[in-house]
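Below you'll find the structure, written out as structure tokens, and then a few comments.
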Amino acid sequence: MNSKEIIPKDLIAIADIVKPKGLKGELKVFLYNKKSKTLKKNINVWIELDADNYQSLVVEYLLSSGKYEIIKFERIDSRNESECFSNGRIYVSRADFDLVDLIGFMVKDEFGLEYGEVRDIINLPTNDSLIFFYKEKEIMIPISDDFIELFDFKHKVVIVKNSDIFINKC
């Protein structure tokens, strides 16, 4: 990693790297959301190698292979070069993240109470919002740091905070 490279503070984990595949630098990866359109050709991603150690790479191509995907990064052209990424995690900046990937995720509060599945994402002038149903009422929560604690792609969960404003007032 270039020491002058700035790592975004808003990284979102979207996949785990399983192991190298073949001799050309390809890697077998497990996407947290197989239907996601976020990971695509030419997108810049960050690979977590270990705590506080990331490497920025650009996706050259992505192929489907059963329950896994095969990913190839630019300038990683051999199995030897790709082996250091085994068991790593792939992150994207929140700015590159496609919000529709959240549809179907379970909404929980910071105490573990389940509210329901994300049914839709709407784009409003002030911010984007999650839509879900709780006790037969449609609830809308803004996607902002004030109300979203975590996007857990591995478990397909959105953890909300300060949600009583929306849940109990409706």
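Per residue, the convex hull spanned by the Cα atoms of the chain measures out at 129 cubic angstrom. A cut-off of 5 Å between modelled amide H atoms, ignoring neighbours fewer than 5 places along the same chain, links ASP120 with ILE131. Using the 1.4 Å probe convention, the accessible area of the chain works out to 58 Å² per residue with neighbouring protein chains retained.
Split the accessible area of the stretch 60-116 by element, probe 1.4 Å, and carbon with sulfur accounts for 47%.
Please compare each pair in LYS108/LYS135; LYS37/LYS161; LYS24/LYS156; LYS41/LYS161 to a cut-off of 23 Å on the Cα-Cα distance and tell me which ones are over it.
On the way: LYS108/LYS135 14 Å; LYS37/LYS161 27 Å; LYS24/LYS156 32 Å; LYS41/LYS161 34 Å.
Those over the limit are LYS37/LYS161; LYS24/LYS156; LYS41/LYS161.
Across the options SER78, ALA51, ALA15, the greatest Cα extent toward the positive end of the charge dipole of the stretch 7-93 (unit charges at beta carbon of Lys, Arg, Asp, Glu) belongs to ALA15. Using a Gaussian network model of the chain in which every pair of alpha carbons under 10 angstrom is joined by a spring, one finds that among LYS154, LYS135, LYS34 the greatest mean-square fluctuation is at LYS135.
Mean separation of Cα pairs under 8 Å and 6+ residues apart, divided by the residue count of the stretch 55-170: what relative contact order is that in percent?
On the way: 161 pairs, mean separation 18.6, N = 116.
So the answer I get is 16 percent.
The values are calculated or read from the model by the stated rules, or taken from the named source; none is laboratory data. A quick note: this is a predicted structure, and the numbers were derived from the prediction, not measured. Note that we place each Cβ from the backbone using ideal geometry, even for glycine, and neighbour counts take in every protein chain shown. When the accessible area is computed, the model is the full protein with side chains, heavy atoms only, and any ligands, DNA or RNA have been set aside. Shrake-Rupley method; radii C 1.70, N 1.55, O 1.52, S 1.80 Å.
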